[in-house]
Amino acid sequence: MDDVAAAILDDRLAPKGYAYLLIHKGWGTMATCMFREFSRERECFELTVESFKKVFPSLNMTDEKEFGGYGNFFFGKPACENGRYYVGESAGLQDCLWGFGLRYALLSGWLAARSIIEGGANAPQMYLSSLEERLLPMQRASLVNRLLFEMLGNRGYAHFIEKSAKMDTLEFLRRRYNPSFLGRLLFPLAGWWYRSRLVDKGCHRDGCTCVWCRCRGRQAQ
Ligand SMILES: Cc1cc2nc3c(=O)[nH]c(=O)nc-3n(C[C@H](O)[C@H](O)[C@H](O)COP(=O)(O)OP(=O)(O)OC[C@H]3O[C@@H](n4cnc5c(N)ncnc54)[C@H](O)[C@@H]3O)c2cc1C
């Protein structure tokens, strides 16, 4: 089929998240991103396939390969500890609304490297303040966006799509990420609301052999 980039917002097939289909020159990716009800993963994905087939009757999949993954975002854990600099997801840096983390990973990696090269004895402090300046305000806004998005539900998603389609969508989203008075007001509430989920399962101890660190080590090998 022709190239396409499509997404579905529907709690029945992607609870509080989204499903997407990307086709480029005959290669495609279809996924469902869930922020709740993880045990329904198989059912949600099957519903996603069904729905995209209805929307795009010419969709014909061959040589499918399944994949899966998880995202992780959290706040408040030092991104520099015991002489180590944590970047990307291991520093909790990821967009809390959509689970996007590539730009956070690249930018925080660059900021850490720059601090080490230029910061001298103040390198850790330089890294932490550059995160505060460049990434954390946007990430805090993304947590507030998640709180607001989760309140919408299927009817609200339709309204959200209609509204964003009436204007430049990038501009619409950019505005939602700008620091604002309302955002600053709602951030503590969002932090409290998600307090049980904003937990980093990894640890920053030297030579740690906890289950999480062992598993990540094995995955890496
Ligand atoms: C299905 C899926 C789709 C996504 N789509 C998007 C998207 O469209 N846009 C976007 O911005 N983000 C997307 N993300 C999120 C994005 O991929 C991640 O947030 C980003 O890759 C995080 O980068 P990272 O470098 O922090 O971590 P990772 O990419 O996870 O890299 C960490 C690396 O460290 C290795 N490692 C771990 N422990 C050890 C160890 N002890 N020793 C040595 N190596 C170790 C791991 O094997 C891994 O290779 C997606 C994620 C998933 C799962």
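For Cys33, what residues show an amide H to amide H distance below 5 Å, using hydrogens built from the backbone and excluding near sequence neighbours?
Tyr18, Ala19, Tyr20
Can you list the residues of segment 106-148 with backbone N under 19 Å from a point 7 Å past the Cα of Ser164, pointing along Cα to Cβ?
Zone members listed by number: 138-148.
Among all the lysines, which ones have a C-alpha under 28 Å from Lys77's C-alpha, if same-chain residues fewer than 8 places away are not counted?
Lys16, Lys201
With loop defined by DSSP as not H, G, I, E or B, and exposure as at most 16 other Cβ atoms within 10 Å, which is the longest segment of the chain clear of exposed GluC sites (Glu not before Pro)?
Details: sites that count: Glu37, Glu64, Glu66.
Here the longest run is 67-221.
Under unit Cβ charges (Lys, Arg +1; Asp, Glu -1), what dipole magnitude, rounded to 20 debye, does segment 4-55 have relative to its Cα centre?
140
Of Ser130, Leu102, Phe181, which is farthest along the charge dipole of segment 80-193 in the positive direction, counting Lys and Arg as +1 and Asp and Glu as -1 at C-beta?
Result: Phe181.
Would you kindly give the portion of the calculated P(r) for the chain that falls above 26 Å, as a percent of all Cα pairs?
Here the tail beyond 26 Å accounts for 47 percent of pairs.
What distance in nm lies between label points placed 7 Å from Cα along the C-beta direction at Asn154 and Glu50?
For the pair Asn154/Glu50, the computed spacing is 1.2 nm.
Which of the aspartates and glutamates could be linked to Lys166 by a straight reach, that is with a Cα gap under 14 Å, when you skip same-chain ones fewer than 8 residues away?
Within the straight-line cut-off, Lys166 pairs with nothing.
Work through the residues other than Thr169 whose Cβ is under 14 Å from its Cβ and net out their charges, Lys, Arg +1 and Asp, Glu -1.
Charge balance in the 14 Å sphere: +2.
What does the helix-only formula give at 222 nm for the chain: each DSSP H stretch with n ≥ 4 adding -39500 (n - 2.57), the total divided by the residues, and the result rounded to the nearest 500 deg cm²/dmol?
Per the formula, -15500 deg cm²/dmol.
Once the other residues with Cβ under 11 Å from the Cβ of Glu43 are scored (Lys, Arg +1; Asp, Glu -1), what is the net sum? Kindly include the intermediate steps, with their values, before the conclusion.
On the way: positive: Arg12, Arg40, Arg42; negative: Glu37, Glu41, Glu46, Glu50.
Residues near Glu43 contribute -1 overall.
Can you pull out the trypsin sites (Lys or Arg not before Pro) in segment 122-205 whose DSSP state is coil and whose Cβ has at most 14 other Cβ atoms within 10 Å?
Here the sparse-neighbourhood loop sites are Lys166, Arg195, Arg197, Lys201, Arg205.
Would you tally the net charge around Arg146, using a Cβ to Cβ cut-off of less than 13 Å, leaving Arg146 out, and scoring K and R as +1, D and E as -1? Kindly include the intermediate steps, with their values, before the conclusion.
On the way: positive: Lys16, Arg36, Arg140, Arg176, Arg197; negative: Asp95, Glu150.
Once all neighbours under 13 Å are counted, the net charge is +3.
Given segment 17-80, report the % of alpha carbon pairs whose separation exceeds 16 Å.
Above the 16 Å cut-off, segment 17-80 has 54 percent of its Cα pairs.
None of the figures in this text is laboratory data; all of them are computed from the coordinates on show. The structure displayed is predicted, hence computed values, not measured ones. FYI the Cβ positions are ideal-geometry reconstructions off the backbone, even for glycines, and counts take in every protein chain you see.
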